[in-house]
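In what follows, a single structure is set out as structure tokens and then discussed.
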Amino acid sequence: MNPRKWNQIFELARSEPPPDPPPGFAARVTRALEREARPVAVSLLEEFGGLLPRFAVGAALVIVLCVAVDFGAGALGEPDLAAGVSQASEPWLFATKGF
């Protein structure tokens with residue numbers, strides 16, 4: 001069919017009135033909506049349980065970032081994490097040496 005015939009068919013279809021719904025249609029729709037499950041109140045623990053996977057992914061990303069920074073600092077000649085912690089804690093742990 002050519003485009004002119006298609007346009008003519010669509011114009012005729014648009015000019016037709018829509019069909020009437022069967023009797024009782026509105027009542028059936030209303031009953032179906034009333035039968036639908038009502039939303040259940042969500043507790044705080046359920047909300048936290050839903051967010052827990054996101055927190056876990058965020059924590060894993062922070063851990064990976066910290067490990068990458070530690071390796072990067074080691075490559076630049078800075079002390080690694082264990083050496084840095086021992087250097088920082090040595091004056092506090094052995095403050096009684098002078099006594």
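Just a few scattered comments:
- Against the main long axis of the alpha-carbon atoms of the chain, helix 25-35 sits at an angle near 20°.
- Cβ-based net charge around ASP70, under 15 Å, with every Lys or Arg adding one and every Asp or Glu removing one: -2
- Each label point was placed 7 Å from the Cα along the Cα-to-Cβ direction; for SER86 and VAL42 their separation is 4.9 nm.
- Charge tally around PRO39: other residues with Cβ under 15 Å, Lys/Arg +1 each, Asp/Glu -1 each, net -2.
- Which label in [x] 20.1; [y] 5.9; [z] 6.8 gives the computed mean projected area of the Cα convex hull in nm²: [x]
- Estimated [θ] at 222 nm from DSSP helical runs (n ≥ 4, -39500 (n - 2.57)) normalised by residues in the chain, nearest 500: -23500 deg cm²/dmol
No lab work stands behind these numbers, since they all come straight from the coordinates. Given the structure is predicted, the values throughout are model-derived calculations rather than measurements. Please note: Cβ atoms are built from the backbone with ideal geometry, for glycine as well, and neighbour counts cover all protein chains shown.
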